[in-house]
Each structure stands twice: as C-alpha cells, then as structure tokens.
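**Q** Could you have a look at this structure, given as structure tokens, before my questions?
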Amino acid sequence: MLAKRKRSITGEIKLSEANLNIDKLSNPTLTKKKKTSLWKIFKSEALFTIGSTPIIWQIIFFYIPLLILVATSLVKTSTSGQFIGLTLEHFYPLLNTTYLTIIFNSFGLSLVTTFLCLIIGFPLAYFIAFNGGRLKNVLLFLLLIPFWTNFILHIYAWFFVLEKHGFLNNLLLDLGLISSPLHFLNSTFSVLVMMVYFYLPFMVLPIFSSLERFNPLLLEASYDLGANHRQTLQKILLPLTLSAIRAGIFLVYIPSFGEFVIPELMGGDRNFFVGNVISLFILGEKTGPVGIAFTVLSTLCLLISLFFINRFFQYLSKKITGEA
Amino acid sequence: MLNAFKKLRPQLFPTLFLFLVFFFLYLPIIILLVFSFNTREFPAPWEGFSLKWYYELFHTPEIWVAFFNSCIVGIASTFICLTLAVFMIYFLASGGKIGKFIPIFYGNLIIPETVLAVGLLSYFSLMHIPLGLLTIIVAHTLVGLGFTIPILYIRYRELDPKIFEASQTLGASHKQTFTKISLPLMTPALIATGLVTFILSFDDFILAYFTSGSSLTLSLYLLSSIRYGISPIINALASILLIITCTLVFLFFSLKTKTRIL
C-alpha cells in the first residue's frame with residue numbers, strides 16, 4: 001500500500017517535471033526574458049543601494065570620523081599642514097602622572113557609579129517587576145519621566161536640594177541634626193548623587209525588561225523545592241538575568257566614563273575627569289593633535305577595560321551554568 | 001493585629017525601598033516645580049503663589065529660539081533615522097540579508113558620546129562643513145541609529161515568516177508585501193523608536209556642545225543660564241518641559257502595549 005503510494009507520488013513528480021521541460025522548450029518568450037534580466041540586475045542593484053544606506057551613513061559619519069581621530073593622533077605634519085610621516089610624539093606629553101591620574105579618576109568615577117547603580121537598580125527593577133502588582137506600569141511610567149527630561153534640568157534641580165539654603169540643609173537644621181548648614185555642593189558626594197540619579201534608569205530598564213519576561217513560577221518552584229533566598233538568587237535569578245545586568249552595566253559604565261558636565265557643575269574644580277580634559281583641550285586651548293591623542297588614549301583604555309569586563313561576564317556565566 | 005503585621009512584612013521592605021527610591025527621583029523635580037510658583041527668587045523661602053515667572057518665560061524670546069532649534073534638530077534627526085530604518089525594512093522585505101552588518105551599529109553604544117563628538121568636530125572641520133544645526137542633526141542621527149537599527153532588525157526577525165510566505169504565495173509583489181504587510185506590522189515599533197530618538201536628541205547635551213558652532217539648542221541655553229545662577233524662569237520652563245515629557249512618555253506607553261522596545 002505504502003510502496004504503491006510512494007510510486008504514485010514519484011510518478012506525479014516525474015510528470016510535472018516533464019511538463020516543466022515541455023514548458024521550457026516551447027516557451028517563445030525565453031529570448032525576451034534575457035533582455036529583461038538587465039533591468040532585473042539594475043533593480044537588484046537599486047535594492048542593494050537602498051538596503052545599504054543605513055550602513056553607508058554609519059560608515060561616513062561614525063567610522064570615518066573615528067578613523068580621522070586615530071589618524072590625526074598618529075600623523076606628523078609640517079607647519080604648513082604637509083604630511084611628513086607617522087609619529088607617536090603627540091602621545092609623549094600625555095605620559096606623565098597628571099594625565100594618567102585623570103584617566104584613573106575617570107575609571108574610579110565610572111566604576112563607583114556603575115556599582116551604586118547596580119546595587120540600587122537591581123532591587124528596584126526586581127520590586128517593580130514582582131511587587132509592583134497593579135502599580136507596575138505606573139511605577140515604570142514614573143521611572144521614565146525623570147529619565148526623559150532634559151539632563152541639564154536634573155543638575156539644576158539638584159542645586160535646589162543641595163544648596164547652602166536648600167532643602168536638605170533646611171531639613172537637617174529643622175530636625176536638629178546639624179547646627180550650621182553643610183556644604184554639599186562642589187564635593188565628591190554631590191557628583192556621585194547626581195551621577196547615580198542620572199544613570200540609574202539606564203541600569204533599571206534592561207534588568208526590568210528581562211525580569212518582566214521571567215516566569216515568577218520559577219521562583220516559586222525554587223522555594224517549594226526547599227531553596228532559600230540566597231540559593232534562589234544564585235541559581236535561578238542571576239543566571240537568567242545575567243545578560244541584562246551586563247547590558248545595564250555597559251549602559252552606565254561607558255557614558256559615565258566620558259561624563260564631563262556633572263563633575264564640572266557639581267564637583268567644582270577639585271577633580272578632573274577625562275571628559276573635562278577633552279572638552280578643555282578641544283574647545284579651549286588650541287593644542288590640536290595632543291588633545292586628540294588624549295581622546296584616543298582614553299578611549300583605548302576604556303575599550304581595554306570593556307574587554308576585561310566582558311571577559312569577566314563570560315567567565316561568570318560559564319561558572320554559574322557550570323555549577324547548575 | 002500581629003498576624004496582619006506578619007502578613008504585611010514581606011511586602012514592607014519592597015514598599016519602603018520603592019518609596020525611598022522614588023522619593024530620591026522626584027524630590028528635586030517637585031522642589032523645582034514648587035519654586036516656579038514662588039513670588040520671590042530662590043534663596044528666599046516660600047512667600048506666595050504667582051504666575052509671574054511663567055509670564056516672563058513667554059516674554060523671553062531667546063528661550064523660544066533655543067526651544068524651536070531643539071525641535072527642528074529632534075524632528076530632522078528622527079526623520080532621517082526612521083527613513084534609513086524604513087529603507088532597511090524594505091530591503092529585508094524584498095528578501096535581502098543584512099544580519100551580518102548589524103554589529104557595526106553597536107559601535108554607537110560602545111564609543112562614549114564625548115569621543116564621538118570630538119571625532120565629528122575634527123571631521124567637519126577637515127571637510128570644511130560649517131558647524132550649525134545641520135551638524136547637530138547629523139550627530140544625533142548616529143545616536144538614533146545605534147539603537148533604532150538593531151531593535152527594528154530584531155523586531156522584524158521576530159515577525160512570523162509565514163505571513164510573508166502567504167503574501168507571496170497569494171501573488172503579491174515585493175512592493176505590495178512591503179506596503180501591505182511589513183510596514184503596517186512594523187509601524188508601532190517604528191513610532192516607538194522614533195519617539196525615543198526624538199527625546200534623546202531633544203535632551204542631548206554633549207554632542208550639541210561640540211558640534212553646534214554658534215547655534216543654541218535648549219540644553220546649551222540651559223547650561224549657559226545655569227552658569228549665571230538660579231533663575232525662576234528656568235523653573236517655569238522646567239514645568240512646561242515636564243508636561244511635554246509626560247505626554248511623550250504616555251504616548252510611548254500606549255504604544256508599548258503593542259510593541260516592546262525596552
């Protein structure tokens with residue numbers, strides 16, 4: 001029975017193939033088709049051009065400027081702008097403790113900011129996702145509003161809180177905790193408050209969206225099977241949200257490395273960070289290649305540190321899944 | 001009583017935590033709003049309600065020039081971003097493959113804006129392109145493309161391929177499949193990413209700071225006015241900007257039921 005059916009199917013196929021062949025042989029429009037293929041090529045070329053426009057835009061306005069940066073930092077020119085040769089001499093003035101301290105400062109600032117954002121942001125995302133209940137969307141809405149208002153306004157708003165006669169000092173004075181107003185502005189404290197305030201949503205949003213897709217029954221199952229809080233966190237929650245945590249860390253760590261408005265406005269002139277120095281170099285003094293060399297050097301340091309953070313996360317996920 | 005407390009206890013810590021964080025997030029904003037209605041300037045305590053600063057805000061033309069500049073830049077960069085994204089969708093809908101090239105857009109997230117701004121500045125000066133609104137628009141399209149293209153690509157790939165197969169089996173051309181199937185299905189995601197692009201552009205400071213030349217956007221105006229000190233006119237402006245943001249976030253949320261981009 002089965003063999004018969006099989007045979008009949010192959011028979012049909014053969015028949016249709018034969019039909020096709022006959023079609024091809026007797027097709028008078030075959031020569032016409034050859035003509036239109038040129039139009040087809042043109043059409044596919046046009047399609048390819050349309051498809052590649054985002055990539056071309058990206059290359060012209062993103063990769064070429066970055067290449068120009070690297071090239072400018074490495075090229076030696078005469079006073080009239082003539083190309084002479086490759087050199088590393090623009091980097092020599094940067095190799096002293098002042099500039100290395102500045103890069104080091106920036107690493108410190110962005111690492112501390114990232115850490116604070118993580119330890120506040122992860123529980124926040126968790127509680128909004130699992131304890132929010134009916135208010136979940138409202139809480140998310142409330143989280144997005146400060147995130148999407150003008151960045152300079154945030155700084156401006158914090159002046160009202162941290163000023164000598166601002167809210168915080170008045171509150172502490174009224175409570176009798178201090179006898180005279182404290183100086184909150186122009187300190188590391190105010191810089192960190194502002195950094196955490198601004199970058200917190202960058203950490204919360206990716207973690208929240210991964211937790212939202214996360215099935216809460218998995219947690220219940222874990223508790224039912226006798227795991228305690230720590231084990232559940234370690235074996236269930238962290239492995240499944242690790243990539244979101246990494247995304248959040250990158251989203252906070254990278255921009256805070258180049259941040260210069262917050263330290264400039266909130267930190268006085270005590271601490272210099274990479275962003276401040278770049279903006280001074282490029283917009284203030286006309287030092288040209290040295291400023292660009294500094295930009296390239298600090299970016300290089302950032303990329304190397306990103307590589308190691310990425311490696312660390314690969315190691316972590318391997319370790320966690322290996323244990324499980 | 002004690003039982004009720006025990007029942008509440010697991011909910012207590014999260015509630016307290018949420019309350020504290022949102023207090024931290026909203027305290028400055030609320031103070032900002034309150035002082036926009038004060039009759040006197042900031043270091044003086046609360047005196048009385050007035051709309052004086054709002055009146056002065058509407059009679060300060062520089063603010064509105066900067067505001068409209070920001071709008072122009074935001075709309076133009078969003079338009080360019082979305083056009084490029086629609087091109088990509090058209091390419092994908094016609095059977096093109098672009099997956100290999102998507103990682104080149106991740107660069108926009110990995111390179112800090114400060115560095116990109118310096119790069120663009122030296123690029124524009126090398127090409128003798130005068131700095132102005134046009135250069136800010138170009139800079140902002142890059143920020144937009146960095147997440148628009150990857151997100152829309154992922155959204156497109158998540159659509160059921162059977163729909164497109166069905167459309168083509170029923171005899172629709174590539175163009176018809178694109179206009180009748182792909183584009184309508186992608187519209188919510190396009191609008192959502194467009195909204196985010198607009199907001200990022202409108203709020204951006206760093207790129208505008210380097211590539212603006214002599215034209216002012218709202219962020220640049222705000223920075224220069226902060227350097228002069230606190231003025232209640234800015235508070236009034238802040239409350240109006242907050243209303244705009246609320247509307248945009250609300251719009252975003254009503255879209256979010258149909259699409260997920262966060």
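**Q** With hydrophobic (A, V, I, L, M, F, W, C), more than 13 Å from chain A (Cβ to nearest Cβ) and part of a helix (DSSP H, G or I) as the only criterion, which of B:Ile80, B:Ile89, B:Ile30, B:Ile72 stands out?
**A** Values: B:Ile80 fails: more than 13 Å from chain A (Cβ to nearest Cβ); B:Ile89 fails: more than 13 Å from chain A (Cβ to nearest Cβ); B:Ile30 fails: more than 13 Å from chain A (Cβ to nearest Cβ).
Exactly one of B:Ile80, B:Ile89, B:Ile30, B:Ile72 is hydrophobic (A, V, I, L, M, F, W, C), more than 13 Å from chain A (Cβ to nearest Cβ) and part of a helix (DSSP H, G or I), namely B:Ile72.
**Q** State whether one or more residues within segment B:122-130 are buried (at least 17 other Cβ atoms within 10 Å of the Cβ), assigned to a helix (DSSP H, G or I), among the polar types (S, T, N, Q) and within 14 Å of another protein chain (Cβ to nearest Cβ).
**A** There is at least one residue in segment B:122-130 that is buried (at least 17 other Cβ atoms within 10 Å of the Cβ), assigned to a helix (DSSP H, G or I), among the polar types (S, T, N, Q) and within 14 Å of another protein chain (Cβ to nearest Cβ).
**Q** Among the numbered criteria (1) under 21 Å from the mean Cα position of the chain (by Cα); (2) more than 18 Å from A:Leu69 (Cβ to Cβ), which one does A:Ile254 miss?
**A** (2)
**Q** Let me confirm something: among A:Ser222, A:Ser190, which residue is touching a residue at least 60 places away in the same chain (Cβ under 8 Å) and more than 10 Å from every other protein chain (Cβ to nearest Cβ)? Don't jump to the end; show me each part of the working.
**A** Numbers: A:Ser222 fails: touching a residue at least 60 places away in the same chain (Cβ under 8 Å).
Unique residue meeting the criteria: A:Ser190.
**Q** Select from segment B:33-51 the residues that are closer than 14 Å to B:Leu237 by Cβ and either within 12 Å of another protein chain (Cβ to nearest Cβ) or part of a helix (DSSP H, G or I) (or both) and list them in ascending order.
**A** Start the filter on segment B:33-51 by keeping residues that are closer than 14 Å to B:Leu237 by Cβ, which leaves B:33, B:35-37, B:51.
Across segment B:33-51, the qualifying residues are B:Leu33, B:Phe35, B:Ser36.
**Q** Inspect all residues belonging to segment B:160-168 and state whether any of them is closer than 21 Å to B:Glu62 by Cβ and out of contact with any helix residue (DSSP H, G or I) (no Cβ under 6 Å at 6 or more places or on another chain). Step through it out loud before you land on a result.
**A** So in segment B:160-168, the residues closer than 21 Å to B:Glu62 by Cβ come out as none.
Checked segment B:160-168: no residue is closer than 21 Å to B:Glu62 by Cβ and out of contact with any helix residue (DSSP H, G or I) (no Cβ under 6 Å at 6 or more places or on another chain).
**Q** In the set A:Phe159, A:Phe122, A:Phe115, which member is in a helix (DSSP H, G or I) and either under 15 Å from B:Leu25 (Cβ atoms) or over 21 Å from the mean Cα position of the chain (by Cα) (or both)? Even if it seems obvious, please write down each step before you answer.
**A** On the way: A:Phe122 fails: either under 15 Å from B:Leu25 (Cβ atoms) or over 21 Å from the mean Cα position of the chain (by Cα) (or both); A:Phe115 fails: either under 15 Å from B:Leu25 (Cβ atoms) or over 21 Å from the mean Cα position of the chain (by Cα) (or both).
Only one candidate passes the filter, namely A:Phe159.
**Q** So which of B:Arg227, B:Arg157 is part of a helix (DSSP H, G or I), surrounded by fewer than 21 Cβ atoms within 10 Å (Cβ to Cβ) and at pLDDT 85 or above?
**A** On the way: B:Arg227 fails: at pLDDT 85 or above.
Just one listed residue meets the conditions, B:Arg157.
**Q** Have a look at B:Phe250, B:Phe202, B:Phe198, B:Phe178 and point out the one that is more than 7 Å from every other protein chain (Cβ to nearest Cβ), surrounded by fewer than 17 Cβ atoms within 10 Å (Cβ to Cβ) and assigned to a helix (DSSP H, G or I).
**A** Details: B:Phe202 fails: surrounded by fewer than 17 Cβ atoms within 10 Å (Cβ to Cβ); B:Phe198 fails: surrounded by fewer than 17 Cβ atoms within 10 Å (Cβ to Cβ); B:Phe178 fails: surrounded by fewer than 17 Cβ atoms within 10 Å (Cβ to Cβ).
Result of the check over B:Phe250, B:Phe202, B:Phe198, B:Phe178: B:Phe250.
**Q** Sticking with this one: Determine which single condition B:Thr187 fails, assuming it passes every other condition in (1) without any contact (Cβ under 8 Å) to a residue 40 or more places away in the chain; (2) buried (at least 19 other Cβ atoms within 10 Å of the Cβ).
**A** The single condition B:Thr187 does not satisfy is (2).
Matching residues to (1) over 28 Å from B:Thr217 (Cα atoms); (2) under 20 Å from the mean Cα position of the chain (by Cα); (3) more than 11 Å from chain B (Cβ to nearest Cβ):
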{"site": "A:Leu135", "(1), (2), (3)": "yes, no, no"}
{"site": "A:Val138", "(1), (2), (3)": "yes, no, no"}
{"site": "A:Pro146", "(1), (2), (3)": "no, yes, no"}
{"site": "A:Phe151", "(1), (2), (3)": "no, yes, no"}
{"site": "A:Ser179", "(1), (2), (3)": "yes, no, yes"}
{"site": "A:Pro201", "(1), (2), (3)": "no, yes, no"}
{"site": "A:Val204", "(1), (2), (3)": "yes, yes, no"}
{"site": "A:Leu211", "(1), (2), (3)": "yes, yes, yes"}
{"site": "A:Phe214", "(1), (2), (3)": "yes, no, yes"}
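Condition check ((1) within 18 Å of B:Tyr26 (Cβ to Cβ); (2) free of Cβ contacts under 8 Å to residues at least 12 places away in the same chain; (3) assigned to a helix (DSSP H, G or I)) across all residues:
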{"position": "A:Ile128", "(1), (2), (3)": "yes, no, yes"}
{"position": "A:Asn137", "(1), (2), (3)": "yes, yes, yes"}
{"position": "A:Pro146", "(1), (2), (3)": "yes, no, yes"}
{"position": "A:Leu153", "(1), (2), (3)": "yes, yes, yes"}
{"position": "A:Leu168", "(1), (2), (3)": "yes, no, yes"}
{"position": "A:Asp174", "(1), (2), (3)": "no, yes, yes"}
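**Q** Next up: Could you give me the residue pairs with C-beta distances under 8 Å whose first residue belongs to segment A:51-80 and is at the interface with chain B (Cβ under 9 Å from one of its Cβ atoms), whose second residue is surrounded by fewer than 15 Cβ atoms within 10 Å (Cβ to Cβ) and assigned to a helix (DSSP H, G or I) wherever it lies, and which are 6+ apart or on separate chains?
**A** Pairs found: A:Ile68/B:Leu126.
**Q** Here is a follow-up. Kindly indicate the residue of segment A:156-167 that is more than 7 Å from chain B (Cβ to nearest Cβ) and surrounded by 17 or more Cβ atoms within 10 Å (Cβ to Cβ) and also nearest to B:Gln11 (Cα to Cα) among those meeting that condition. Outline the logic, then answer.
**A** The initial filter retains those residues of segment A:156-167 that are more than 7 Å from chain B (Cβ to nearest Cβ), namely A:162-164, A:166.
Subsequent filtering for residues that are surrounded by 17 or more Cβ atoms within 10 Å (Cβ to Cβ) retains A:162-163, A:166.
Values: A:Leu162: 32, A:Glu163: 35, A:Gly166: 33 Å.
Out of the qualifying residues, it is A:Leu162.
**Q** Quick one: B:Phe147 ticks every box in (1) under 19 Å from the mean Cα position of the chain (by Cα); (2) of a type outside the set (D, E, K, R); (3) crowded, with 20+ Cβ neighbours inside 10 Å; (4) modelled with pLDDT under 90 bar one, so which box is it?
**A** Unmet for B:Phe147, out of (1) under 19 Å from the mean Cα position of the chain (by Cα); (2) of a type outside the set (D, E, K, R); (3) crowded, with 20+ Cβ neighbours inside 10 Å; (4) modelled with pLDDT under 90: (3).
**Q** Evaluate segment A:32-47: report whether one residue or more is at pLDDT 50 or above and touching a helix residue (DSSP H, G or I) at 6+ places or on another chain (Cβ under 9 Å).
**A** Yes, segment A:32-47 contains a residue that is at pLDDT 50 or above and touching a helix residue (DSSP H, G or I) at 6+ places or on another chain (Cβ under 9 Å).
**Q** Quick one: B:Ile233 ticks every box in (1) part of a helix (DSSP H, G or I); (2) over 25 Å from the mean Cα position of the chain (by Cα) bar one, so which box is it?
**A** All conditions are met except number (2).
**Q** Please find, within segment B:92-108, the residue that is farthest from the chain's Cα centre (by Cα) out of those that are at the interface with chain A (Cβ under 7 Å from one of its Cβ atoms) and of a type outside the set (Ser, Thr, Tyr). Show your work before the answer.
**A** Taking segment B:92-108 first, the residues at the interface with chain A (Cβ under 7 Å from one of its Cβ atoms) are B:94, B:96, B:98, B:101, B:104-105, B:107-108.
Cutting the leftovers down to of a type outside the set (Ser, Thr, Tyr) gives us B:96, B:98, B:101, B:104-105, B:107-108.
On the way: B:Gly96: 30, B:Ile98: 26, B:Phe101: 25, B:Ile104: 22, B:Phe105: 18, B:Gly107: 19, B:Asn108: 15 Å.
Filtering first and then ranking leaves B:Gly96.
The values are calculated or read from the model by the stated rules, or taken from the named source; none is laboratory data. All of these numbers come straight from a predicted model, not from anything done at the bench. Note that we place each Cβ from the backbone using ideal geometry, even for glycine, and neighbour counts take in every protein chain shown.
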